[in-house]
1. Would you point out which residue out of 56, 6, 35 is surrounded by 15 or more Cβ atoms within 10 Å (Cβ to Cβ) and not in a strand (DSSP E or B)?
2. Do you know which residues across the stretch 38-53 are touching a strand residue (DSSP E or B) at 6+ places or on another chain (Cβ under 8 Å) and either assigned to a loop (DSSP other than H, G, I, E, B) or crowded, with 18+ Cβ neighbours inside 10 Å (or both)?
3. With the requirement that a residue be more than 12 Å from the chain's Cα centre (by Cα) and in contact (Cβ under 8 Å) with a residue 12 or more places away in the chain, what does the stretch 3-46 give you?
4. Report the residue count in the stretch 19-32 for those that are out of contact with any helix residue (DSSP H, G or I) (no Cβ under 9 Å at 6 or more places or on another chain), surrounded by 11 or more Cβ atoms within 10 Å (Cβ to Cβ) and modelled with pLDDT under 95.
């Protein structure tokens with residue numbers, strides 16, 4: 001999956017969970033569309049950065065579904 005699509009889906013999932021999307025999400029590379037593959041992206045909210053990990057849970061053709069976990073502690 002393209003890294004920008006992964007970042008967009010992370011923003012969408014977070015918006016559904018907390019009611020609004022984060023200020024920004026960036027991913028360093030594309031995510032392999034295979035179960036168990038994961039990537040750590042950077043979520044920015046009000047100038048504070050957090051790691052957010054996306055792990056693929058299922059694959060349907062060219063698209064992948066994944067769970068996300070945001071770090072409890074900010075990076076900065």
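1. 6
2. Those that are touching a strand residue (DSSP E or B) at 6+ places or on another chain (Cβ under 8 Å) and either assigned to a loop (DSSP other than H, G, I, E, B) or crowded, with 18+ Cβ neighbours inside 10 Å (or both): 39, 41, 43, 50, 52.
3. 23, 32, 33, 34, 35, 36, 37, 45, 46
4. The initial filter retains those residues of the stretch 19-32 that are out of contact with any helix residue (DSSP H, G or I) (no Cβ under 9 Å at 6 or more places or on another chain), namely 19, 23, 32.
With the extra rule that they be surrounded by 11 or more Cβ atoms within 10 Å (Cβ to Cβ), the set shrinks to 23, 32.
After this cut, where a residue has to be modelled with pLDDT under 95 as well, the list is 32.
Total satisfying the criteria: 1.
The values are calculated or read from the model by the stated rules, or taken from the named source; none is laboratory data. Small disclaimer: the values here were computed from a predicted structure and weren't measured. Ideal geometry is used to build each Cβ from the backbone, glycine not excepted, and the neighbour counts take in all protein chains shown.
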